[in-house]
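Please read the structure below before turning to the comments.
The values are calculated or read from the model by the stated rules, or taken from the named source; none is laboratory data. Note that the structure is a prediction, hence the values are computed from the model and not measured. When we count neighbours, we look across all protein chains shown, and the Cβ atoms used for this are built from the backbone with ideal geometry, even at glycine.
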Amino acid sequence: MLWGGRFESGPDAAIAAFTNSLPFDQRMAVQDVRGSIAHARMLGHQGIISGDEAAQIEAGLRAILHSLTEGEYSRQRLTGAEDIHSWVEARLRENLGPVAGKLHTARSRNDQVATDTRLYLRETGDGFDAQLREMQQALVDHAGEHLETILPGTTHMQHAQPVVLAHHLLAYFWMIQRDRERLQDWRKRVNILPLGAGALAGSPYPVNRAFVANELGFDGVGENSLDNVSDRDFVIELAAVLAVVAVHLSRLAEEICLWNTREFGFIELDDSVATGSSIMPQKKNPDVAELVRGKTGRVFGHLQSVLVTMKGLPLAFNSDMQEDKEAIFDSLDTVSGCVGAMTLMLRKCRFRPDRMLRATEGDFSTATDIADFLAIRGIPFRDAHEVVGHIVKTCEEQGRTLESLSAADLKAFHPEFEHAPADITSVAASVRARKSPGGTAPDEVRRQLTRAEEILQAES
Ligand code: ARG
């Protein structure tokens with residue numbers, strides 16, 4: 001217990017259990033110890049405690065760090081303290097005796113927990129970014145194989161215009177790229193040191209916050225002690241970034257579910273990333289994709305939860321803020337698990353170009369191309385649209401497809417069709433024509449793919 005002096009009794013057991021955060025904040029144990037090492041060194045460096053005391057404390061903390069990473073506590077759930085800060089201090093006192101009590105000079109748990117959380121999220125965020133990169137790589141690898149694979153592009157879930165599969169997959173590459181940019185931008189703000197703010201008002205000791213920031217790899221020192229102990233924007237912001245990642249994953253997951261149906265048959269999942277049914281022997285289900293889609297609910301929920309937790313809090317620290325951790329930790333665990341599973345599923349799925357192409361047959365998806373042909377020859381696009389609408393209607397009435405129309409058939413609808421190329425109704429010609437920047441022409445998608453590969457390479 002770190003605060004017994006003014007109390008006649010300890011807390012009721014039920015209250016101690018209710019206020020305890022050790023079950024979840026112990027995942028910041030390593031960060032807590034590293035933060036304390038930096039703080040102890042600073043205290044020694046500034047002469048706030050003696051050099052010898054600082055060295056003893058640092059050695060004691062290093063022993064705890066070792067016990068957490070490789071030793072007796074490395075595989076153990078920590079218990080017996082009200083939070084991770086108290087737990088570490090208790091271990092230090094066991095090892096060092098009274099000198100351990102000097103560590104908490106010029107520090108409060110309020111600036112300490114803010115520091116631990118920032119360190120933990122910064123480091124976990126970096127690992128998460130690497131995971132996103134892996135997923136991008138899987139998308140890029142598939143895209144390289146499918147620059148010429150044509151499938152129906154849809155709007156309103158209706159066949160609209162043909163696109164190439166690489167184009168479709170790279171759309172997700174860019175979504176994830178923006179997620180990563182958001183993460184990098186967030187990193188600038190999370191990487192500011194709160195320690196030295198004290199409980200709320202700053203410290204009367206000659207602390208050296210820049211020294212601590214430098215030790216812990218922070219880019220700077222918080223400007224306002226009240227803000228430093230009570231700001232959780234960095235939690236909210238990360239929860240929001242993760243929610244957007246979850247949206248992107250969920251959309252891809254939905255497409256995988258759809259494409260994996262008998263009706264579509266656009267993909268085939270390897271047995272290693274699919275699951276069966278306990279009753280229907282024939283089933284092979286895309287559970288992984290369904291779970292990725294389903295888990296978005298709790299990720300959105302955590303964003304809402306941290307927003308609401310913070311909205312009514314007066315400055316500075318309030319214990320409500322202890323509620324931020326389970327939310328953001330679960331968001332991280334969940335979205336990280338989703339990215340890992342999704343990457344594996346992408347690696348273990350096979351696309352079916354034959355099925356995709358067959359889906360474009362007779363789907364009228366080159367109608368725009370036929371109208372564009374007339375428009376390029378000077379016919380106002382509105383009139384061309386009307387002519388082709390008429391062609392489609394006639395085909396539907398006669399149970400025919402656009403592809404089945406001969407040059408003579410077309411000419412009956414408009415004399416300009418005399419000059420129409422033979423492949424005017426082909427999906428291959430349609431995609432080839434869409435050379436505008438960002439368009440689906442294989443050459444243009446190849447350029448896009450090169451750009452994506454450059455981005456991935458620049459970071460490695
Ligand atoms: N367990 C707290 C948290 O998670 C840290 C201690 C905060 N300080 C306090 N006076 N209760 O935020």
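Go through the stretch 32-89 and report how many residues are in a helix (DSSP H, G or I), hydrophobic (A, V, I, L, M, F, W, C) and touching a residue at least 60 places away in the same chain (Cβ under 8 Å).
The first filter runs over the stretch 32-89 and keeps only residues in a helix (DSSP H, G or I), leaving 32-45, 51-69, 84-89.
Add one more test, that the residue is hydrophobic (A, V, I, L, M, F, W, C), and what stays is 33, 37-38, 40, 42-43, 54-55, 57, 59, 61, 63-65, 68, 84, 87-88.
Subset that is touching a residue at least 60 places away in the same chain (Cβ under 8 Å): 37-38, 40, 42-43, 84, 87.
Residues meeting the conditions: 7.
Determine which single condition Arg209 fails, assuming it passes every other condition in (1) among the charged types (D, E, K, R); (2) in contact with a Gly (Cβ under 8 Å, 6 or more places away or on another chain); (3) over 29 Å from Ala106 (Cα atoms).
Result: Arg209 fails condition (3) only.
Tyr120 fails exactly one of the following numbered conditions: (1) surrounded by 20 or more Cβ atoms within 10 Å (Cβ to Cβ); (2) over 30 Å from Pro442 (Cα atoms); (3) hydroxyl-bearing (Ser, Thr, Tyr); (4) more than 16 Å from the ligand (Cβ to nearest atom). What is the number of that condition?
(4)
If Pro11 passes every condition in (1) away from the ligand (no atom under 14 Å from the Cβ); (2) free of Cβ contacts under 8 Å to residues at least 40 places away in the same chain; (3) assigned to a loop (DSSP other than H, G, I, E, B); (4) over 21 Å from Tyr205 (Cβ atoms) but one, which one does it miss?
Every condition holds for Pro11 apart from (1).
Which of the residues spanning the stretch 57-109 are within 16 Å of the ligand (Cβ to nearest atom) and β-branched (Val, Ile, Thr)?
Thr79, Ile84, Val88
Scan Ile84, Ile37 and give me the residue that is more than 17 Å from Leu2 (Cα to Cα) and of a type in the set (A, V, I, L, M).
Just a single option satisfies the conditions, and that option is Ile37.
Just to be sure before I move on: is Asp287 touching a strand residue (DSSP E or B) at 6+ places or on another chain (Cβ under 8 Å) and acidic (Asp, Glu) in the structure I sent? Steps first, please.
Details: touching a strand residue (DSSP E or B) at 6+ places or on another chain (Cβ under 8 Å): yes; acidic (Asp, Glu): yes.
The answer is yes for Asp287.
Please work out if Thr334 is touching a residue at least 12 places away in the same chain (Cβ under 8 Å) and either closer than 30 Å to Met28 by Cβ or within 16 Å of the ligand (Cβ to nearest atom) (or both). It would help to see each step written out before you state the result.
On the way: touching a residue at least 12 places away in the same chain (Cβ under 8 Å): yes; either closer than 30 Å to Met28 by Cβ or within 16 Å of the ligand (Cβ to nearest atom) (or both): yes.
Spelling it out, Thr334 is indeed touching a residue at least 12 places away in the same chain (Cβ under 8 Å) and either closer than 30 Å to Met28 by Cβ or within 16 Å of the ligand (Cβ to nearest atom) (or both).
Conditions tested, residue by residue: (1) of a type outside the set (A, V, I, L, M, F, W, C); (2) more than 27 Å from Glu254 (Cα to Cα); (3) within 16 Å of the ligand (Cβ to nearest atom); (4) in contact (Cβ under 8 Å) with a residue 24 or more places away in the chain.
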{"residue": "Met321", "(1), (2), (3), (4)": "no, yes, yes, yes"}
{"residue": "Asp324", "(1), (2), (3), (4)": "yes, yes, yes, yes"}
{"residue": "Ala327", "(1), (2), (3), (4)": "no, no, yes, yes"}
{"residue": "Met345", "(1), (2), (3), (4)": "no, no, no, yes"}
{"residue": "Lys348", "(1), (2), (3), (4)": "yes, no, no, yes"}
{"residue": "Phe351", "(1), (2), (3), (4)": "no, no, no, yes"}
{"residue": "Ile376", "(1), (2), (3), (4)": "no, yes, no, no"}
{"residue": "Ala408", "(1), (2), (3), (4)": "no, yes, no, no"}
{"residue": "Asp423", "(1), (2), (3), (4)": "yes, yes, no, no"}
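Can you tell me which condition Gly297 does not meet? The list is (1) part of a helix (DSSP H, G or I); (2) in contact (Cβ under 8 Å) with a residue 24 or more places away in the chain; (3) surrounded by fewer than 17 Cβ atoms within 10 Å (Cβ to Cβ); (4) not β-branched (Val, Ile, Thr), and all the others hold.
Among (1) part of a helix (DSSP H, G or I); (2) in contact (Cβ under 8 Å) with a residue 24 or more places away in the chain; (3) surrounded by fewer than 17 Cβ atoms within 10 Å (Cβ to Cβ); (4) not β-branched (Val, Ile, Thr), the lone unmet condition for Gly297 is (2).
Among Val229, Val212, which is surrounded by 15 or more Cβ atoms within 10 Å (Cβ to Cβ), over 30 Å from Lys348 (Cβ atoms) and within 16 Å of the ligand (Cβ to nearest atom)?
Values: Val212 fails: within 16 Å of the ligand (Cβ to nearest atom).
So the residue among Val229, Val212 that is surrounded by 15 or more Cβ atoms within 10 Å (Cβ to Cβ), over 30 Å from Lys348 (Cβ atoms) and within 16 Å of the ligand (Cβ to nearest atom) is Val229.
If only one of Val221, Val207 is away from the ligand (no atom under 16 Å from the Cβ), among the β-branched types (Val, Ile, Thr) and in contact with a strand residue (DSSP E or B) (Cβ under 8 Å, 6 or more places away or on another chain), which one is it?
Numbers: Val207 fails: in contact with a strand residue (DSSP E or B) (Cβ under 8 Å, 6 or more places away or on another chain).
Testing whether each residue is away from the ligand (no atom under 16 Å from the Cβ), among the β-branched types (Val, Ile, Thr) and in contact with a strand residue (DSSP E or B) (Cβ under 8 Å, 6 or more places away or on another chain) leaves just Val221.
What about Pro442, is it at pLDDT 95 or above and touching a Ser or Thr at 6+ places or on another chain (Cβ under 9 Å)? Working first, answer last.
On the way: at pLDDT 95 or above: yes; touching a Ser or Thr at 6+ places or on another chain (Cβ under 9 Å): no.
No.
Would you check if there is a residue in the stretch 24-38 being among the small types (Gly, Ala, Ser), modelled with pLDDT of 95 or more and away from the ligand (no atom under 16 Å from the Cβ)? Spell out the reasoning first.
Looking only at the stretch 24-38, we keep the residues that are among the small types (Gly, Ala, Ser), and these are 29, 35-36, 38.
This time we only want the ones that are modelled with pLDDT of 95 or more, so: 29, 35-36, 38.
Right, trim to away from the ligand (no atom under 16 Å from the Cβ) and you get 38.
The answer is yes; a qualifying residue exists.
Report every pair of residues separated by at least 6 positions or lying on different chains whose Cβ atoms are under 6 Å apart, first residue within the stretch 435-460 and over 19 Å from His142 (Cβ atoms), second at pLDDT 95 or above and outside any helix (DSSP H, G or I).
Lys435/Ala441
Scan the stretch 301-319 for residues that are more than 16 Å from the ligand (Cβ to nearest atom), in a helix (DSSP H, G or I) and surrounded by fewer than 19 Cβ atoms within 10 Å (Cβ to Cβ) and report the count.
Selection size over the stretch 301-319: 5.
Taking the stretch 332-347, which residues are in contact with a Leu (Cβ under 7 Å, 6 or more places away or on another chain) and not aliphatic (A, V, I, L, M)?
Scanning the stretch 332-347 gives a single hit, Cys338.
Only one of these is within 23 Å of the chain's Cα centre (by Cα) and of a type in the set (S, T, N, Q): Ser250, Ser225, Ser230. Name it.
Result of the check over Ser250, Ser225, Ser230: Ser250.
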